[in-house]
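To start, the structure itself, in structure tokens.
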Amino acid sequence: MARLYCRIVGPVLLVVGVLGVVQFGIPGFLSINEPVEIGLHFLTGALATYAGFSRGYGRAAVLYARVFGIVYLILCIGFFVPDLLPGLIHFDLGCNLVHLVLAVWGIYAGYFARETTTAPAT
């Protein structure tokens, strides 16, 4: 489950980063226009993509899901404080809803779901 989470979330975050670079968004609902936010989407997207497609037993994917599930949950503070870092990151409703979904899914995938991969034959 953690690999699936990373394999979907990683490329999506990379696309979101690209959308931020071209200034695509829905003003007041989903905006990605701060350079720090765009950079963070590229960084976390690259990490998730690597974790989801790396070899091994899915440990990197589980670690990513655990850590960033909690990080996305913390980012849900944007529901209450939309301008936590004025001029750097603004949390609008669309971003908050996405962070909430990523948090719940990441925490589930990292802490509660079992990986179904098997060890390679030796």
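Laboratory data are not the source of any read-out in this text; all were calculated from the coordinates shown. In this text the structure is predicted, and so the values were computed from the model without any measurement. Every residue, glycine as well, gets a Cβ built from its backbone with ideal geometry; the counts of neighbours run over all protein chains shown.
Under a Gaussian network description of the chain, with springs only between Cα atoms under 10 Å, the residue in 50, 111, 72 that fluctuates furthest is 111.
Relative to the Cα centre, the charge distribution of the chain, modelled as +1 at Lys and Arg Cβ and -1 at Asp and Glu Cβ, gives a dipole magnitude of about 640 debye.
Averaging the sequence gap over all C-alpha pairs within less than 8 Å and six or more residues apart, then dividing by the number of residues, gives the chain a relative contact order of 33 percent.
Note on residue 77 and residue 55: with the Förster distance fixed at 35 Å, the Cβ-Cβ geometry gives a FRET efficiency of about 0.45. This structure gives mean projected area of the Cα convex hull in nm², computed directly, and of (1) 9.1; (2) 7.2; (3) 6.5 that value is listed as (2).
Measuring r between the beta carbons of residue 85 and residue 7 and using R0 = 22 Å, the FRET efficiency lands at 0.15. Highest mobility in the GNM of the chain, judged by mean-square fluctuation with C-alpha springs under 10 Å and restricted to 30, 93, 85, is found for 85.
Summary of packing: across the peptides 34-41, 20-27, the per-residue average of other C-beta atoms within 10 Å ranks them, highest first, as 34-41, 20-27.
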